[in-house]
Amino acid sequence: MIEVRNLSKYYGNLCAVNGISFSIKEGEIVGFLGPNGAGKTTTIRILTCFQPATTGSASVAGHDVFTESMAVRAQVGYLPESVPLYQEMRVREYLRFRGKIHGLERTARERAIQRVAERCWITDVINRPIGQLSKGYRQRVGLADSLLHNPRVLILDEPTIGLDPTQIRATRTLIRELAQDHTVLLSSHILPEVEATCKRIIIINQGRIVASGTPTELRQRITGDSELIAEFKGSTEEIAAGLQKLDGVSRVETTMRDGWTRVTVTTQKDVREEIYKLSIEKGWPMRELRRDVATLEDFFVKIVAGARDMDTASVGAGDKR
Amino acid sequence: MRNTTAIMQRELLSLFFSPIGYIVIAGFLLITGVIVLVTESFGPGKPATLRSVFDFTPYVLTIIIPAISMRTISEEYRSGTIETLTTAPVSDMQFVVGKYLAALIFYAIMLSGTLVYLVLMMRFGNPDVGASLAAYFGLLLLGVSFTAFGVFTSSLTHNQIVAWMLGMVPLMLFVWFAASIVGKIEGVPRQLFQQVNILRHLDQFNRGLVSTEGVVFFAATAVLFLFLAVKVVESRRWR
Ligand SMILES: Nc1ncnc2c1ncn2[C@@H]1O[C@H](COP(=O)(O)OP(=O)(O)O)[C@@H](O)[C@H]1O
Ligand SMILES: [Mg+2]
């Protein structure tokens with residue numbers, strides 16, 4: 001549904017997007033994740049025909065964004081990052097206008113307005129001037145607008161930015177629902193956001209794709225070095241020495257906590273069973289044993305930090321094929 | 001066509017709901033009213049004619065028309081709505097023409113306010129209605145051309161006031177100082193300048209003549225500046 005090939009965009013000498021490639025299949029919901037300035041908006045603006053790419057190509061719904069721009073625009077519902085709206089118009093007037101330029105006839109238009117207003121919970125403000133609406137309502141009016149012509153592809157640039165926690169949760173639920181009928185590309189700089197809504201994540205940093213995959217796949221990549229935490233009663237030196245001997249353990253750190261020895265074990269393997277057996281064998285009472293599962297957040301931070309001071313290409317496999 | 005109409009309607013709505021719309025209309029009617037008073041057009045023993053109004057109005061319009069058109073495109077840039085508009089299936093041409101038609105219709109409505117003077121004059125005397133209508137047609141054509149120029153300057157910036165200045169200053173130079181410039185130059189430059197001399201074209205209409213040359217001049221400049229505006233809107237995508 002979305003195909004991107006070696007896409008680059010330069011603003012003067014600044015390279016905002018640097019030869020990225022990815023593809024999104026029909027019905028997928030994909031998160032486009034990256035810190036501020038990574039190049040998400042730039043990529044999205046190329047996909048929605050707002051700006052041309054410097055080099056490379058992209059197609060949406062089988063149409064090239066540059067040569068068949070009108071066909072692409074008819075298939076795409078787009079919510080820009082800044083949610084631009086005409087302040088002086090009433091919500092219904094605005095949606096009517098948008099329906100007209102999407103080629104909807106009167107009855108179809110009124111029906112579509114009804115449908116999106118209910119879907120995005122804006123029926124209670126439908127006759128209010130947009131300029132008087134809160135940020136949350138404006139965001140929903142923008143979303144309603146992008147759904148009006150029932151597009152095959154929805155492209156949402158940071159759809160929950162500036163919303164309060166309740167609104168964020170409601171918007172995420174709505175986006176997940178929308179993903180049942182539309183192919184969705186959603187950008188965000190907040191990981192939990194894409195983790196909560198998307199089946200697949202593409203991580204972009206400094207204009208390059210540094211990793212991509214399902215949240216589970218991405219998580220597996222970091223479990224290479226995980227941490228185990230345990231607390232025993234016994235001689236600290238003996239405990240440290242005993243754990244150090246276990247297979248796969250690279251580092252053991254100990255601290256004392258009200259008479260208990262707390263150890264943090266860095267390991268390549270999950271050695272919880274061995275630790276349990278050891279404690280029985282040595283007769284150390286144990287009150288805690290758990291694996292500190294690395295979160296995707298850690299991974300994201302690591303990737304972004306890593307990409308900043310080493311060669312980006314070596315950090316993650318990306319979407320190269 | 002439907003897209004052009006939709007954009008035109010939306011722009012008209014914004015023009016009529018913005019304070020600028022009312023200020024412009026009130027200002028224009030006030031100034032033309034003052035012209036009627038100070039030239040004593042209704043005085044006893046004077047010929048029943050609106051000639052003085054038609055002679056002065058072009059000077060006023062160099063300021064007023066850019067004020068009508070200044071927000072058309074620049075406001076879309078400033079508010080960012082250009083992004084939702086140009087990612088919808090609307091061509092740049094439909095966009096520019098829709099904006100242009102809205103500003104032109106607004107101008108025509110404003111101009112029709114001065115018909116009051118014509119009606120009053122018909123009650124007091126016996127004005128040459130045919131000549132007056134030709135003069136109105138001339139002012140309408142002037143609007144066709146000036147509005148296109150104003151839409152073009154509006155496409156150059158995201159700041160309405162800058163768009164106004166960019167539109168007003170060249171128009172003022174052309175209209176206010178045309179006569180003295182023509183008097184100071186000779187030969188080929190003079191002939192060239194006479195071709196683009198707005199007041200000369202307008203004068204024919206004021207004398208009750210609908211000249212083809214005038215119609216072609218105003219229509220051609222309108223097409224030229226609308227074409228340039230489309231090119232500017234297109235080119236902004238490349239940045
Ligand atoms: N119109 C523009 N002109 C110049 N530089 C720009 C423009 N838009 C974005 N940039 C730059 O391109 C880079 C990527 O920006 P952007 O795509 O907006 O990132 P993101 O959406 O991921 O935060 C940034 O360094 C930004 O400053
Ligand atoms: Mg962005």
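The values are calculated or read from the model by the stated rules, or taken from the named source; none is laboratory data. Small disclaimer: the values here were computed from a predicted structure and weren't measured. So basically every Cβ, Gly included, is an ideal-geometry build from the backbone, and we count neighbours across all protein chains shown.
Summed over region A:1-37, the residues that are within 14 Å of chain B (Cβ to nearest Cβ), surrounded by 18 or more Cβ atoms within 10 Å (Cβ to Cβ) and not aliphatic (A, V, I, L, M) give a count of 1.
Here A:G162 passes the criteria (1) within 14 Å of ligand 2 (Cβ to nearest atom); (2) within 14 Å of chain B (Cβ to nearest Cβ) except the one numbered (2). Taken over region A:174-188, the criterion of being in contact with a helix residue (DSSP H, G or I) (Cβ under 9 Å, 6 or more places away or on another chain) and surrounded by fewer than 18 Cβ atoms within 10 Å (Cβ to Cβ) is satisfied by A:R176, A:E177.
Each row is one residue, and each column tells you yes or no for (1) within 16 Å of ligand 2 (Cβ to nearest atom); (2) over 22 Å from A:R140 (Cα atoms); (3) at pLDDT 95 or above; (4) assigned to a helix (DSSP H, G or I).
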{"position": "A:V17", "(1), (2), (3), (4)": "yes, yes, no, no"}
{"position": "A:E26", "(1), (2), (3), (4)": "no, yes, no, no"}
{"position": "A:F32", "(1), (2), (3), (4)": "yes, no, no, no"}
{"position": "A:A38", "(1), (2), (3), (4)": "yes, yes, no, no"}
{"position": "A:F50", "(1), (2), (3), (4)": "yes, no, no, no"}
{"position": "A:S57", "(1), (2), (3), (4)": "no, yes, no, no"}
{"position": "A:T67", "(1), (2), (3), (4)": "no, yes, no, no"}
{"position": "A:A71", "(1), (2), (3), (4)": "no, yes, no, yes"}
{"position": "A:E88", "(1), (2), (3), (4)": "no, no, no, no"}
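Collect the residues in region B:93-132 that are within 14 Å of chain A (Cβ to nearest Cβ) and surrounded by fewer than 19 Cβ atoms within 10 Å (Cβ to Cβ), keeping them in residue-number order. The one that is within 14 Å of chain A (Cβ to nearest Cβ) and surrounded by fewer than 19 Cβ atoms within 10 Å (Cβ to Cβ): B:M93.
A single entry from A:L246, A:L228 fulfils the requirement of being on the phi < 0 side of the Ramachandran plot, crowded, with 16+ Cβ neighbours inside 10 Å and in a loop (DSSP other than H, G, I, E, B): A:L246.
Okay, residues lined up against (1) away from ligand 1 (no atom under 14 Å from the Cβ); (2) out of contact with any Ser or Thr (no Cβ under 8 Å at 6 or more places or on another chain):
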{"residue": "A:V153", "(1), (2)": "yes, no"}
{"residue": "A:D157", "(1), (2)": "no, no"}
{"residue": "A:G162", "(1), (2)": "yes, yes"}
{"residue": "A:T173", "(1), (2)": "yes, yes"}
{"residue": "A:Q180", "(1), (2)": "yes, yes"}
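Highlighted here are the strands (runs of 3 or more DSSP E) found entirely within region A:123-211 that include at least 3 residues which are within 28 Å of A:K100 (Cβ to Cβ) and not hydroxyl-bearing (S, T, Y): A:153-157, A:183-188. Note on region B:191-239: among residues that are surrounded by fewer than 13 Cβ atoms within 10 Å (Cβ to Cβ) and within 16 Å of ligand 1 (Cβ to nearest atom), the one that is nearest to the chain's Cα centre (by Cα) is B:S235.
Total residues in region B:54-88 satisfying the condition of being out of contact with any Lys or Arg (no Cβ under 9 Å at 6 or more places or on another chain), part of a helix (DSSP H, G or I) and either under 19 Å from B:M172 (Cβ atoms) or within 8 Å of another protein chain (Cβ to nearest Cβ) (or both): the figure is 18. For region B:62-81, the count of residues that are over 15 Å from the mean Cα position of the chain (by Cα) and over 15 Å from B:E11 (Cβ atoms) is at least one.
In the set (1) within 11 Å of chain B (Cβ to nearest Cβ); (2) among the β-branched types (V, I, T); (3) part of a helix (DSSP H, G or I), A:T107 fails one condition alone, (1). For region A:61-70, the candidate set comprises residues that are crowded, with 18+ Cβ neighbours inside 10 Å and within 11 Å of chain B (Cβ to nearest Cβ); within that set, the residue that is farthest from A:Y94 (Cα to Cα) is A:V65. Can you tell me which residue is surrounded by the most Cβ atoms within 10 Å (Cβ to Cβ) among those in region A:88-101 that are facing chain B (nearest Cβ under 9 Å) and closer than 26 Å to A:S188 by Cβ? In this case the residue turns out to be A:R98.
Residue check: B:V162 meets all listed conditions (1) more than 21 Å from B:G27 (Cα to Cα); (2) in contact with a Ser or Thr (Cβ under 8 Å, 6 or more places away or on another chain) but one, namely (1). Only a single criterion out of (1) within 21 Å of the chain's Cα centre (by Cα); (2) within 10 Å of ligand 1 (Cβ to nearest atom) is not satisfied by A:G12, namely (1).
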